[in-house]
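Report on one structure; see the data block that follows.
The values are calculated or read from the model by the stated rules, or taken from the named source; none is laboratory data. Note that this is a predicted model, so its numbers are computed, not measured. Cβ placement follows ideal geometry from the backbone for every residue including glycine, while neighbour counts extend to all protein chains displayed.
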Amino acid sequence: MATYLKRGDAAEAFDRAMVEETVRKMLADIRQNREDAVLRYARDLDKWTNPQVRLSEERIRQVEAMLPETWKQDVAYAIRQVKDFARIQKESMQEVEVELRPGVILGHRHIPVGSVGCYIPGGKYPLVAGAFMTAGTASVAGVQTIIGTAPPRDADGMYPQTLYALKASGAGALYSLGGVQALASMAYGCFDMPACDMICGPGNPFVAEAKRQLFGTTGIDLLAGPTEILIIADGTVDAELVACDLLGQAEHGPDSPVWLIVTDEAFGREVIAQVEKQLLTLPTRAIAEKAWRNNGEVVVARDRDEAAELSDAYAAEHLELLTGEDDWYFARLKNYGSLFIGEESTVAYGDKGVGTNHTLPTGRAARFTGGLWVGKFLKTCTYQRLTPEASRHIAPVISRICEGEGMLAHGITADIRYTRFAPKNETEA
């Protein structure tokens, strides 16, 4: 039976009903009043008073010229990594056409969605890498129209590094819009945007709720809550590194869960001591310490089987394996958003540009979905093509099934083909 060395303190209450109602009213307002409502929310929530929300080509060129070359080279490297991996994933998705029975040809095609709106948050941290993961991956999928939005940072609009990353990743038009009003603008087609077929990107609880309520009006990537990390460690990797990786994710926000599963109690206590020690000098201690106090858990499993079982129950967004049996865990584990194997890898690599996508399932959603990838921007659409002989052969079977369901008009569409495609000698007789 697993035992806990640490559980989180009571977390701050989250008023879900208030968030749902606030977002519902905002979306209704924007749907009806469109640009006027969007600009009102931009003024009230983001202090943005400029009616021009689309960034000009002049501003884009100005930012491109002012940013350091080293930054641009680093962004180019990360974009190349993300796009190359997405391209390889796309190549693994084969289109299919097969003659399943004589004259019955079935198949599927992969068709890119037509337009995608990418949202890059800009709260505590401007998550620039989100541009690589959304716009970059959508461009590899073959999406023709890619819109980029991010909250304004000042009178010039969105954070310069975010602007540059979106443009370099493949976004064709950029808008200084934040939060619910950004997502609604992309979904409803405000200003000169198209009504996007899909919107994607992370954000605060209001952004997540907006995506939930807009689903159906537009497609979404997935619903992502506070970011999570879970580490399985058995003491073969030192406690200092384990603690460092836990705190690396804790700085996201005070509501970010940081979980550790160990198979040795003494090692678990050593990691706890290391976390406390590192917090003393951590540059983002004010945030990370709250996450550790509110949502930090350390659990001792009896053995590796129980550790794997516990991990699958957590179904964490990010899962690190820091053990002497990483291959065993790799073969055994089933529920995680993305896996980081061995001390040479780390969540930060995945978050910022090693190549795997950082938009991942949270809140145990890894039990039933993976994260954002090139396939999310592709529709797998089936088709059928039959010869006259094959159509006539299958028609009576389909007709009888339709009759059994009481769907007689459906059955007639089969019956008419049975008659229409009869051999000439039958029709002449």
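A few remarks follow.
- Residue satisfying all of: in the stretch 88-116; of a type in the set (D, E, K, R) and within 19 Å of residue 357 (Cα to Cα); nearest to the chain's Cα centre (by Cα) among these: 90
- With a requirement of 3 or more residues that are charged (D, E, K, R) and closer than 17 Å to residue 82 by Cα, none of the strands (runs of 3 or more DSSP E) lying completely within the stretch 95-151 satisfies it.
- Within the option set 291, 266, 273, being surrounded by 22 or more Cβ atoms within 10 Å (Cβ to Cβ), at pLDDT 95 or above, among the small types (Gly, Ala, Ser) and in the same structural domain as residue 346 (by TED's automatic domain parsing) holds for one residue only, 291.
- Remark: pairs (first residue in the stretch 60-89, touching a residue at least 24 places away in the same chain (Cβ under 8 Å); second residue exposed (fewer than 15 other Cβ atoms within 10 Å of the Cβ) and in a helix (DSSP H, G or I); Cβ separation under 8 Å; 6+ apart in sequence or on different chains) = 72/64.
- Evaluation of residue 339 against the conditions (1) of a type outside the set (Val, Ile, Thr); (2) assigned to a loop (DSSP other than H, G, I, E, B); (3) under 16 Å from the mean Cα position of the chain (by Cα) shows that the sole unmet condition is (2).
- Filter result for residue 46 (under 24 Å from residue 176 (Cα atoms), outside the structural domain of residue 351 (by TED's automatic domain parsing), buried (at least 16 other Cβ atoms within 10 Å of the Cβ) and without any contact (Cβ under 8 Å) to a residue 24 or more places away in the chain): no
- Any hit, the stretch 136-148, residues being under 19 Å from residue 36 (Cα atoms) and either small (Gly, Ala, Ser) or crowded, with 20+ Cβ neighbours inside 10 Å (or both): no
- Scanning the stretch 28-47 for residues that are closer than 23 Å to residue 153 by Cα and among the aliphatic types (A, V, I, L, M) yields 30, 37, 38, 39, 42, 45.
- Any hit, the stretch 351-363, residues being touching a helix residue (DSSP H, G or I) at 6+ places or on another chain (Cβ under 9 Å), more than 23 Å from residue 87 (Cβ to Cβ) and part of a helix (DSSP H, G or I): no
- Contacts under 9 angstrom Cβ, first residue in the stretch 161-187 being in the same structural domain as residue 41 (by TED's automatic domain parsing) and on the phi > 0 side of the Ramachandran plot, partner of a type in the set (A, V, I, L, M, F, W, C) and assigned to a loop (DSSP other than H, G, I, E, B), 6 or more apart: 170/143
- Matching residues in the stretch 17-43 - criterion: being in contact (Cβ under 8 Å) with a residue 40 or more places away in the chain and among the charged types (D, E, K, R): 20, 24, 31, 34, 35
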